[in-house]
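Undergrad: The structure under discussion is supplied below as structure tokens; questions concerning it will follow.
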Amino acid sequence: MLEGFYDKVEVGETVETIGRTVTESDVVNYANATGCWLPIHTDREFAAETQYGERVVQGTFLLGLAEGLLYSNEPTGIRANAGMESIQFHRPVFVDDTVHFEVEVLEKTQRDDHSGVVTLDVEGKNQDDATVVEYRTNLLMITEDAHETHD
């Protein structure tokens with residue numbers, strides 16, 4: 001997982017998350033929460049007739065999963081996602097696939113004495129180590145001393 005505070009993160013640092021198997025419950029709960037009931041995700045019979053032959057996990061679920069696996073350190077200096085860009089889905093993820101995420105810190109941009117934006121390159125891979133998604137994300141983070149001041 002990503003170290004907790006702006007002043008602790010280093011450009012060039014790499015992190016790999018644990019793997020997480022995507023379940024049918026994940027797909028259904030995500031569809032309930034977002035209203036994303038597209039048949040390619042939720043209708044077994046429909047999906048069987050597509051080029052994939054089975055249901056495909058929602059791509060936006062994978063983006064949220066990456067954030068959860070990468071940024072679950074406590075305490076954390078992450079205060080906001082300041083944007084995602086260049087999102088590319090390379091291959092589908094299916095129910096019962098296991099994914100993990102590999103991250104590299106590309107850049108740090110200081111905003112003031114107590115915060116900055118950290119730019120990350122994120123690559124999601126499946127159990128076969130094949131890339132399923134790639135994107136860049138920007139995180140607004142505070143320094144450790146700013147966190148201690150607000151405890």
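Undergrad: Those residues that are open to solvent by 40 Å² or more (accessible area, probe 1.4 Å) and in contact (Cβ under 8 Å) with a residue 40 or more places away in the chain, I need them from the range 95-109; list them, please.
TA: From the range 95-109, those open to solvent by 40 Å² or more (accessible area, probe 1.4 Å) are 96, 98, 102, 104, 106-109; that's our starting set.
Across the range 95-109, the qualifying residues are Asp96, Thr98, Glu102, Glu104, Leu106, Glu107, Lys108.
Undergrad: State all residues of the range 51-108 that are among the acidic types (Asp, Glu) and over 22 Å from Ile18 (Cβ atoms); if no residue qualifies, say none. Walk me through how you get there before you give the answer.
TA: Looking only at the range 51-108, we keep the residues that are among the acidic types (Asp, Glu), and these are 54, 67, 74, 85, 96-97, 102, 104, 107.
Passing the criteria: Glu54, Glu85, Glu107.
Undergrad: A further question on this structure: Any idea how many residues of the range 110-151 are more than 15 Å from Met84 (Cα to Cα) and open to solvent by 70 Å² or more (accessible area, probe 1.4 Å)?
TA: 13
Undergrad: In this structure, is Thr50 open to solvent by less than 40 Å² (accessible area, probe 1.4 Å), part of a loop (DSSP other than H, G, I, E, B), without any contact (Cβ under 8 Å) to a residue 40 or more places away in the chain and polar (S, T, N, Q)? Spell out the reasoning first.
TA: Values: open to solvent by less than 40 Å² (accessible area, probe 1.4 Å): yes; part of a loop (DSSP other than H, G, I, E, B): yes; without any contact (Cβ under 8 Å) to a residue 40 or more places away in the chain: yes; polar (S, T, N, Q): yes.
So Thr50 fits the description; yes.
Undergrad: Quick one: in the range 56-88, of everything that is out of contact with any strand residue (DSSP E or B) (no Cβ under 7 Å at 6 or more places or on another chain) and not in a helix (DSSP H, G or I), which residue is modelled with the highest pLDDT?
TA: Per the stated criteria, the residue is Gln58.
Undergrad: Go through the range 1-47 and count every residue that is part of a loop (DSSP other than H, G, I, E, B) and more than 16 Å from Glu104 (Cα to Cα). So that I can check it myself, show each step before the final result.
TA: Our first condition is that a residue be part of a loop (DSSP other than H, G, I, E, B); within the range 1-47, this holds for 1-5, 9-13, 17-19, 22-23, 35-38, 43.
Applying the additional criterion that residues be more than 16 Å from Glu104 (Cα to Cα) yields 19, 22-23, 35-38, 43.
Residues flagged as part of a loop (DSSP other than H, G, I, E, B) and more than 16 Å from Glu104 (Cα to Cα) within the range 1-47 amount to 8.
Undergrad: Working only within the range 22-43, note down all residues that are aliphatic (A, V, I, L, M) and open to solvent by 40 Å² or more (accessible area, probe 1.4 Å). Working first, answer last.
TA: Quick first cut of the range 22-43, residues aliphatic (A, V, I, L, M) only: 22, 27-28, 31, 33, 38, 40.
Listed by number, the residues that qualify are Val28, Ala33, Leu38.
Undergrad: Could you run through the range 110-151 and say how many residues are in contact (Cβ under 8 Å) with a residue 12 or more places away in the chain, under 21 Å from Gly68 (Cα atoms) and charged (D, E, K, R)?
TA: Residues meeting the conditions: 6.
The values are calculated or read from the model by the stated rules, or taken from the named source; none is laboratory data. This structure is a prediction, so every number in the text was calculated from the model and none was measured. Here the Cβ is made from the backbone with ideal geometry for all residues, glycine too, and neighbour counts use every protein chain on show. SASA here: full protein model, heavy atoms, side chains in, ligands and nucleic acids out. Shrake-Rupley method; radii C 1.70, N 1.55, O 1.52, S 1.80 Å.
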